[in-house]
1. Go through region 28-50 and report how many residues are closer than 30 Å to N14 by Cβ and loosely packed, with under 10 Cβ neighbours inside 10 Å.
2. Within region 51-74, how many residues turn out to be loosely packed, with under 10 Cβ neighbours inside 10 Å and aromatic (F, W, Y)?
3. Give me a count of the residues in region 1-37 that are part of a loop (DSSP other than H, G, I, E, B), under 31 Å from the mean Cα position of the chain (by Cα) and at pLDDT 85 or above.
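The values are calculated or read from the model by the stated rules, or taken from the named source; none is laboratory data. Note that the structure is predicted; figures quoted are calculated from it, not measured. Glycine gets a Cβ as well: all are built from the backbone with ideal geometry, and neighbour counts include every protein chain shown.
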Amino acid sequence: MEGQGKAVVCAVGNNTLLTRLREGESLYMPETSTHLEEKLKITAKQIEKFAILMMIISIITHIIYLIVYIPSND
């Protein structure tokens, strides 16, 4: 289907008929997450947990190293 058309804009924003008909109602649809966004959130949480675990292991390893190595050098 093809064609051409012209329109005259008489009102925009809060001055439109739609706004007047929907007084008190929100004109914005609530945001919904897509399946991909939900999967990405789950993956991000898993990566976050893994990073925290690696940080804790690294700190414990460094503390053990300091406790064992530093006194033996004296």
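1. Applying the first criterion (closer than 30 Å to N14 by Cβ) to region 28-50 yields 28-33.
Then drop every residue that is not loosely packed, with under 10 Cβ neighbours inside 10 Å, which leaves 28-32.
Qualifying residue count, region 28-50: 5.
2. So the answer is 1.
3. Matching residues across region 1-37 total 3.
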